[in-house]
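Shown next, in structure tokens, is the structure this report addresses.
The values are calculated or read from the model by the stated rules, or taken from the named source; none is laboratory data. Everything numeric in this text was worked out from a predicted model, so none of it was measured. Here the Cβ positions follow ideal geometry from the backbone for every residue, glycine too, while neighbour counts run over all protein chains shown.
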Amino acid sequence: MRAHRLIPKWLRNYRRQWLPSDITAALVSGMLLVPQGLAYALLAGLPPYVGLYASLVPLIAYAVFGSSSAMSVGPAAVLSLMTVSALSPIAVMGSPEYIGAAIVLTLLSGLFLFTMGLFKLGTLSNLLSHPVISGFVSGAAALIIVGQLPALLGIEADGKTASVKLVHVIEHLPDAHLPTMIFGVATALLLIFSRIWLPMLLFRLGTPKQFARLAARLMPMLLVLCSIALVHWLRLGDKLDIVGEIPSGLPEVVIPEWNGALVYRLLLPALIIALLTFVESLSIAQAVAARRGERLNADGELLGLGAANVTSALSGGLPVAGSFSRTAVNAEAGAASPLAGVLAALVMVPVLLFLTGMFSELPLTVLAAIIIVAAASLFDFRGFIHNWRYDRTDGIAMSCTFAGVLLFGVEAGIALGIGLSFATLIWRSSRPHIAVVGRVPGTEHFRNVLRHDVETHNDILFLRIDESLFFSNISAVEDRLLSELKRHPATRELVLILSSVSRIDGTALERLQQINKDLQSRSIRLHLSEVKGPVLDRLSRSKLLEKLTGRIFLSSYIAELALQQGEEDPPPEQEPA
């Protein structure tokens with residue numbers, strides 16, 4: 001019975017009719033894994049074969065622990081950029097020390113993810129707001145594009161920041177290597193055409209819509225094969241920078257060198273990579289799950305992503321995450337279960353055993369074009385416009401994170417994004433919405449006097465507080481109370497409607513006690529209405545209720561009736577809600 005539980009749930013419930021769809025999806029997504037694995041390994045400053053290694057065992061590990069039926073795990077552009085940002089100060093790119101550090105970084109990221117899964121910390125996905133994530137990814141996309149322009153055009157360009165490197169590229173554009181530029185620009189244009197116009201063209205020619213989209217997404221692999229064929233037939237290996245020799249064979253088990261100083265330097269980058277891996281991958285998996293009507297387990301995703309990264313490190317790979325493009329291909333190809341990911345990993349086996357020699361003649365400029373076009377799709381233009389229009393605070397957070405990545409680098413940018421997420425939360429909660437309310441005529445409902453025609457009383461003031469009360473916002477609440485009392489000098493009964501208050505901390509409690517005392521000195525009674533049960537339970541353990549000059553009412557309507565009638569005897573205490 002225990003052995004039965006070790007088998008993944010999707011495998012225990014697997015249906016035979018799913019197999020053809022899973023095989024098709026595996027073949028299609030496996031074809032996309034090859035060019036992306038090669039490209040993103042180079043982007044990370046690693047040998048191309050490392051990207052292929054990261055496209056094998058991690059897919060199987062995710063299938064065992066993960067919960068998404070169609071998410072495709074593997075190398076990702078943003079993670080590759082974060083990898084090179086974390087490792088470039090430590091070792092020379094491509095050196096054995098650099099490769100070893102990349103393995104340690106991948107292992108640490110995986111351990112962070114797996115540990116968070118064991119402790120069921122799936123709620124950490126809410127650590128970063130979506131505008132901040134979009135700003136970070138857009139900034140990373142801009143860095144990736146600028147960083148790949150020299151390889152695309154055959155230009156030597158230096159510069160620690162994206163702006164300096166871009167200026168160098170523009171200045172040295174007349175010195176671009178013509179064959180490299182032709183190959184690279186032509187590949188980029190064909191990829192752009194395939195993304196924007198090819199599906200529409202194929203659909204108008206009578207191709208089924210789903211097949212048209214798949215054909216467009218598989219264009220990178222087709223262009224890779226065509227460029228390899230051209231380099232081989234035209235003997236351009238000496239005129240173009242090519243990938244070079246790729247060792248054949250399956251990855252061997254790698255035991256990372258556990259250097260204490262290295263681990264200490266990589267702890268923070270690994271944690272950042274782990275958090276971003278989880279947040280981005282979970283958003284992709286949730287989109288697929290919503291479309292398919294499936295339930296997603298956030299803690300299971302942490303375990304799956306953690307296992308994928310740990311096995312990637314042990315097989316000599318680089319950090320992996322869910323890929324939007326490959327997941328979309330996987331879903332469109334009809335993947336019915338995680339078996340599609342396992343079969344896609346098996347597709348990589350013959351590639352590593354028999355086809356690595358073919359990819360040795362792949363021009364680096366073609367990989368640069370693939371990276372640039374893939375990164376361009378990550379830029380969230382609509383998000384900038386939407387957030388700026390809908391919520392200016394989110395728009396500022398997104399823009400500042402984007403600028404932080406460009407100006408200060410990847411780690412500083414994500415740190416700024418996390419800080420902005422918390423700052424935005426604190427700023428909003430420290431300025432709670434407080435409304436003067438009155439009763440809608442003929443009903444028992446109380447609404448904002450600025451939005452509705454309501455009935456009010458000169459001597460009774462109803463204030464609704466739409467936020468929990470704690471140390472950072474209680475001063476704003478007190479200031480608003482005083483200002484409203486100045487606007488309503490005839491007030492003798494102040495009723496605070498606490499229907500939206502879920503918690504009152506110690507600082508806020510002390511200030512409420514002081515407010516109650518100050519109002520008493522001004523011959524104004526303080527009343528509470530619609531207090532939630534848990535809040536009332538906590539208040540009952542304090543002295544506020546004992547010294548409250550007014551009463552606690554079950555509803556605002558009951559409070560209005562009682563105070564209008566001038567009842568003096570307090571009614572029974574409110575029942576917990």
Every residue from segment 169-192 that is out of contact with any Ser or Thr (no Cβ under 8 Å at 6 or more places or on another chain), assigned to a helix (DSSP H, G or I) and hydrophobic (A, V, I, L, M, F, W, C): 169, 170, 173, 178, 182, 185, 186, 188, 189, 190, 191, 192
Residue selected from segment 447-465 under the condition under 23 Å from residue 510 (Cα atoms) and either in contact with a helix residue (DSSP H, G or I) (Cβ under 7 Å, 6 or more places away or on another chain) or at pLDDT below 95 (or both), by the criterion surrounded by the fewest Cβ atoms within 10 Å (Cβ to Cβ): 463
Top-ranked residue of segment 78-90 - restricted to ones that are over 18 Å from the mean Cα position of the chain (by Cα) and in a helix (DSSP H, G or I), ranked as surrounded by the most Cβ atoms within 10 Å (Cβ to Cβ): 87
Residue among 217, 204, 265 that alone is under 30 Å from the mean Cα position of the chain (by Cα) and farther than 30 Å from residue 363 by Cα: 265
Which numbered condition residue 12 fails, given (1) touching a residue at least 40 places away in the same chain (Cβ under 8 Å); (2) touching a helix residue (DSSP H, G or I) at 6+ places or on another chain (Cβ under 8 Å): (1)
Residue in segment 160-182 that is charged (D, E, K, R), crowded, with 16+ Cβ neighbours inside 10 Å, over 27 Å from the mean Cα position of the chain (by Cα) and in the same structural domain as residue 418 (by TED's automatic domain parsing) present: yes
Listing of helices (runs of 4 or more DSSP H) fully contained in segment 280-362 that carry 3 or more residues being at pLDDT below 90 and closer than 30 Å to residue 134 by Cβ: 324-332
Among (1) assigned by TED's automatic domain parsing to the domain that holds residue 247; (2) out of contact with any Ser or Thr (no Cβ under 6 Å at 6 or more places or on another chain), the one test that residue 440 misses: (1)
Any hit, segment 89-103, residues being out of contact with any Leu (no Cβ under 8 Å at 6 or more places or on another chain), closer than 23 Å to residue 324 by Cβ and not acidic (Asp, Glu): no
Tally, over segment 307-356, of residues that are under 25 Å from residue 296 (Cβ atoms), under 21 Å from the mean Cα position of the chain (by Cα) and of a type in the set (A, V, I, L, M): 8
Condition met for residue 287 (surrounded by fewer than 20 Cβ atoms within 10 Å (Cβ to Cβ) and either closer than 19 Å to residue 217 by Cβ or outside the structural domain of residue 375 (by TED's automatic domain parsing) (or both)): yes
Members of segment 466-488 found to be out of contact with any helix residue (DSSP H, G or I) (no Cβ under 7 Å at 6 or more places or on another chain) and assigned to a loop (DSSP other than H, G, I, E, B), listed by number: 466, 468, 488
Contacts under 8 angstrom Cβ, first residue in segment 251-263 being acidic (Asp, Glu), partner surrounded by 17 or more Cβ atoms within 10 Å (Cβ to Cβ) and in a helix (DSSP H, G or I), 6 or more apart: 257/100; 257/104
Members of segment 91-116 found to be crowded, with 19+ Cβ neighbours inside 10 Å and among the β-branched types (Val, Ile, Thr), listed by number: 99, 103, 104, 106
Number of positions in segment 193-240 that are outside any helix (DSSP H, G or I) and in contact (Cβ under 8 Å) with a residue 24 or more places away in the chain: 5
Residues of segment 131-159 satisfying the condition of being β-branched (Val, Ile, Thr), modelled with pLDDT under 85 and over 29 Å from the mean Cα position of the chain (by Cα): none
Condition check for residue 27: assigned to a helix (DSSP H, G or I), closer than 27 Å to residue 413 by Cβ and assigned by TED's automatic domain parsing to the domain that holds residue 319: no
Exclusive hit being over 19 Å from the mean Cα position of the chain (by Cα), in a helix (DSSP H, G or I) and either buried (at least 22 other Cβ atoms within 10 Å of the Cβ) or in the same structural domain as residue 40 (by TED's automatic domain parsing) (or both), set 385, 396, 372: 372
Number of the condition not met by residue 244 [criteria: (1) at pLDDT below 90; (2) more than 25 Å from residue 102 (Cβ to Cβ)]: (2)
Selection count, segment 117-129, where residues are touching a residue at least 24 places away in the same chain (Cβ under 8 Å), surrounded by fewer than 21 Cβ atoms within 10 Å (Cβ to Cβ) and assigned to a helix (DSSP H, G or I): 5
Residue among 362, 420, 469 that alone is of a type outside the set (Gly, Ala, Ser), crowded, with 19+ Cβ neighbours inside 10 Å and closer than 30 Å to residue 243 by Cβ: 362
Residue within segment 497-508 that is in a helix (DSSP H, G or I) and surrounded by fewer than 16 Cβ atoms within 10 Å (Cβ to Cβ) present: yes
